Amino acid sequence: MKAIKRQLQPHILDALESFPVVYINGPRQAGKTTLVKELLAKDFKARFITFDDALERAAAVRNPFGYIKASGTPLIIDEVQMVRDLFRPLKKLVDEQRQEALSSDASANGHYLLTGSANLMAIPELADAMVGRMATLTLLPLSASEVKNQTSHFLERCFAKDFVDIKTESALLTTTMRQASFPELVNMPENMVDRWFKNYIQKITLEDPRHLYNLEKAEYMPVLLQSLAARAGNLINDANIGREVGLNAVTTRSYRGLLNNSFVTSTLRPWYRNINKRLVKSNKIFFHDTMLLCHLLGSSPELLVKNKSHIFGHVLENFVLSELLKSNYATGETVDISFYRTNDGREVDFVLERQHKLVAIEVKHAENITDKDLSGIKELQQATGEDFHCGIVLCNTPRVIAYDKDIYLLPFSSLWQ
C-alpha cells in the first residue's frame, strides 16, 4: 500500500526551524512514530530513540541529565512521556545550547523532536519547564482527506463562504467513516479489527494509567470508557456517570481528565457570550476516533444507520467533530470550536469562531431539511448580528444549496475537500 501523506508533516518541519524542541502528541497508534521515521529518512537526519525500549527507558530514568546530554543532537525521542524527569534536564541543555549559539553561527533550533501519547501541557511542572522552548503539535488518527489523498480546505471555505466547487461523492459516508481511523486498521482484515480494539482499550485504560499516572483504581477505567461511549455527543454529568461506574463525582472528573489527556476522548465546551440568552454551562463528551466509539457501542456505522438511527446521529456528529479537529490541528489551530445550547433546548451542533466571526454547523443525516432543522442556527444568527458569518447544514444533499440568507446545505464530502 502506498504511504498516506500526513497533513501535519510540513508544519513539523517549520516548527523545527523555529524552536529548539518540537513535541508531537496525540493518541496511541495515530501514526506519530511512522511520521517521524519518514522525516528521519528524508528531511530530518537525527538519532532515533524510543522509550518503548525498556533498556533505554531505564537508563533515562536512572540518569536523566547524563542520558540526554550523551545522546547528542539532533535527537528524536519516541514516547517521551514515559520518562517525565527528562524535561528539567532538557530545559537546562536547551538553555546552554542557546547561549552557545549566541557566540557562533550555529542555530539552537531543531535539536529535539519528541513524540508522546500524553498532553504534557496539562502537567504544570512540565509545561512551565518548556515555555518558549517547545512547539507542540497534535496528530490525530487519519482524516478522511488524508485517506483520499486530498487536502481539506473546509475551515477556510466556511470563513470565505466559498462552496462553489464542492462535489458530492459516490462513496458511502459509512465507508469514509471506517477509513478515517487508526492507520493500522487501513488494510486489516475485518475479523481482526475487534481484537485490535480490545488490545488497544486494555493499553489505554489499564496499562497506561497505571504506568504513567500510578492510578490506584485503574480497574474502573474500562467501565468509565464504556459509560462515556454511551453518552457521546451529550452533556457531561460526572455525578451520574460516577454512580453508574462506582466512583464519586470528583474521581470521575479526574479519571475523565486522564482519558482526555491521553487523546482518547475530547470535551467540547459550550459557546458563550453575553447575548441575553440563558446558555448551558456543561461540556459535551466526544471521542477522537469514531471507530473506537463504534467498537465500544458494540456496533458499526452500517448497522447503526440501519437499526439505531438515533444513536447513529450521535456517532455521525462525533465523526464530524473529529474531522473538524483534524483539519484545525493540521492548519495551526486557528479556529475555536464549541457548541451552542440554550437552557430551553435550542442548539447548534458546532460553532466555529475566528476573529469574532461565527460559523454555525448543524449535522443531519437526511436529505430533506426543513425550517425546524434550522431553528438553532437562526436563533444564533439573530442573537449575534453582524458577527454571524454563515450557517451550514451538513446533510445528504446531492449538491450545494444556498437555502436562506447566509445559510447553506452542504454534502458531507465538503469536509474533506
- Note on the structure: If you go through LYS372, LYS364, LYS378, the only one that is closer than 19 Å to PRO411 by Cβ and either in contact with a Ser or Thr (Cβ under 9 Å, 6 or more places away or on another chain) or basic (Lys, Arg) (or both) is LYS364
- Task: Kindly establish whether LEU258 is aliphatic (A, V, I, L, M), surrounded by fewer than 18 Cβ atoms within 10 Å (Cβ to Cβ) and at pLDDT below 95.
- Result: no
- Query: SER104 versus (1) polar (S, T, N, Q); (2) outside the structural domain of ILE76 (by TED's automatic domain parsing); (3) at pLDDT below 90: which is the lone unmet condition?
  - Reply: (2)
- Query: Which of the residues belonging to the range 380-397 are over 29 Å from the mean Cα position of the chain (by Cα) and on the phi < 0 side of the Ramachandran plot?
  - Reply: GLN382, ALA383, GLU386
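Each row is one residue, and each column tells you yes or no for (1) in contact with a helix residue (DSSP H, G or I) (Cβ under 7 Å, 6 or more places away or on another chain); (2) under 27 Å from ASN199 (Cα atoms).
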residue: LEU247; (1), (2): yes, yes
residue: VAL250; (1), (2): no, no
residue: SER254; (1), (2): no, yes
residue: LEU259; (1), (2): yes, yes
residue: VAL264; (1), (2): yes, yes
residue: ASN283; (1), (2): no, no
residue: LEU292; (1), (2): yes, yes
residue: LEU296; (1), (2): yes, yes
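Taking the range 176-194 only, how many residues are hydroxyl-bearing (Ser, Thr, Tyr) and in a loop (DSSP other than H, G, I, E, B)? Before you say what the answer is, go through the steps one by one.
Step one: list which residues in the range 176-194 are hydroxyl-bearing (Ser, Thr, Tyr), which gives 176, 181.
Checking which are in a loop (DSSP other than H, G, I, E, B) leaves us with 181.
Number of matching residues: 1.
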- Task: Output the residue which, of all residues in the range 397-413 that are modelled with pLDDT of 95 or more and in contact with an Asp or Glu (Cβ under 8 Å, 6 or more places away or on another chain), is surrounded by the fewest Cβ atoms within 10 Å (Cβ to Cβ).
- Result: SER413
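Criterion first (at pLDDT below 95 and in contact with a His (Cβ under 8 Å, 6 or more places away or on another chain)) does GLY332 satisfy it? Lay out the reasoning, then the answer.
Working: at pLDDT below 95: yes; in contact with a His (Cβ under 8 Å, 6 or more places away or on another chain): yes.
In short, yes.
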- Query: Identify, please: which residue in the range 50-101 is more than 21 Å from LEU39 (Cβ to Cβ) and small (Gly, Ala, Ser) and is, among those, surrounded by the most Cβ atoms within 10 Å (Cβ to Cβ)?
  - Reply: ALA60
- Message: For the structure I just gave you, tell me whether LEU113 is within 19 Å of ALA135 (Cα to Cα) and either out of contact with any Pro (no Cβ under 9 Å at 6 or more places or on another chain) or at pLDDT 95 or above (or both).
- Response: yes
- Mind telling me which of the residues LEU35, LEU90, LEU114, LEU120 ends up being outside the structural domain of TYR329 (by TED's automatic domain parsing), more than 25 Å from the chain's Cα centre (by Cα) and of a type in the set (A, V, I, L, M, F, W, C)? LEU90
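Please tell me if GLU323 is surrounded by 15 or more Cβ atoms within 10 Å (Cβ to Cβ), of a type in the set (Asp, Glu) and in contact with a Leu (Cβ under 6 Å, 6 or more places away or on another chain).
On the way: surrounded by 15 or more Cβ atoms within 10 Å (Cβ to Cβ): yes; of a type in the set (Asp, Glu): yes; in contact with a Leu (Cβ under 6 Å, 6 or more places away or on another chain): yes.
Against the criterion (surrounded by 15 or more Cβ atoms within 10 Å (Cβ to Cβ), of a type in the set (Asp, Glu) and in contact with a Leu (Cβ under 6 Å, 6 or more places away or on another chain)), GLU323 qualifies.
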- Message: Condition check: assigned by TED's automatic domain parsing to the domain that holds LEU316, surrounded by fewer than 18 Cβ atoms within 10 Å (Cβ to Cβ) and more than 22 Å from LEU13 (Cβ to Cβ). Does LYS161 satisfy that?
- Response: yes
- Which of the residues that make up the range 196-242 are more than 30 Å from THR342 (Cα to Cα) and β-branched (Val, Ile, Thr)? ILE201, ILE204, THR205, VAL223
- Task: Sort out which residues of the range 240-249 are part of a helix (DSSP H, G or I) and either free of Cβ contacts under 8 Å to residues at least 12 places away in the same chain or crowded, with 16+ Cβ neighbours inside 10 Å (or both), and write them in order of number.
- Result: ASN240, ILE241, GLY242, ARG243, VAL245, ALA249
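Please state which one of ARG273, ARG253, ARG278, ARG269 is outside the structural domain of PRO27 (by TED's automatic domain parsing) and free of Cβ contacts under 8 Å to residues at least 40 places away in the same chain. Walk me through how you get there before you give the answer.
On the way: ARG273 fails: free of Cβ contacts under 8 Å to residues at least 40 places away in the same chain; ARG278 fails: free of Cβ contacts under 8 Å to residues at least 40 places away in the same chain; ARG269 fails: free of Cβ contacts under 8 Å to residues at least 40 places away in the same chain.
Sole residue among the options that is outside the structural domain of PRO27 (by TED's automatic domain parsing) and free of Cβ contacts under 8 Å to residues at least 40 places away in the same chain: ARG253.
Let's see how each residue does on (1) more than 16 Å from SER117 (Cβ to Cβ); (2) touching a strand residue (DSSP E or B) at 6+ places or on another chain (Cβ under 8 Å); (3) among the charged types (D, E, K, R):
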{"position": "PHE197", "(1), (2), (3)": "yes, no, no"}
{"position": "ILE201", "(1), (2), (3)": "no, no, no"}
{"position": "LEU206", "(1), (2), (3)": "no, no, no"}
{"position": "ASN214", "(1), (2), (3)": "yes, no, no"}
{"position": "GLU219", "(1), (2), (3)": "yes, no, yes"}
{"position": "PRO222", "(1), (2), (3)": "yes, no, no"}
{"position": "GLN226", "(1), (2), (3)": "yes, no, no"}
{"position": "ALA229", "(1), (2), (3)": "yes, yes, no"}
{"position": "ASN237", "(1), (2), (3)": "yes, no, no"}
- Quick one: in the range 103-147, which of the residues that are buried (at least 21 other Cβ atoms within 10 Å of the Cβ) and among the hydroxyl-bearing types (Ser, Thr, Tyr) is nearest to GLU207 (Cα to Cα)? SER117
- Members of the range 267-277 that are touching a strand residue (DSSP E or B) at 6+ places or on another chain (Cβ under 6 Å) and either of a type in the set (D, E, K, R) or on the phi > 0 side of the Ramachandran plot (or both): ARG269, LYS277
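Taking the range 342-391 as the region of interest, how many residues are of a type in the set (A, V, I, L, M, F, W, C) and part of a strand (DSSP E or B)?
Going through the range 342-391, the residues of a type in the set (A, V, I, L, M, F, W, C) turn out to be 348, 350-352, 358-361, 363, 366, 369, 374, 377, 380, 383, 388, 390.
If we keep only those that are part of a strand (DSSP E or B) too, we end up with 348, 350-352, 358-361, 363, 388, 390.
Total meeting the criteria: 11.
The values are calculated or read from the model by the stated rules, or taken from the named source; none is laboratory data. Everything numeric here is computed off the predicted structure, so don't read it as measured data. Because the Cβ atoms are built from the backbone with ideal geometry, glycine has one as well, and the counts that use them run over all protein chains shown.
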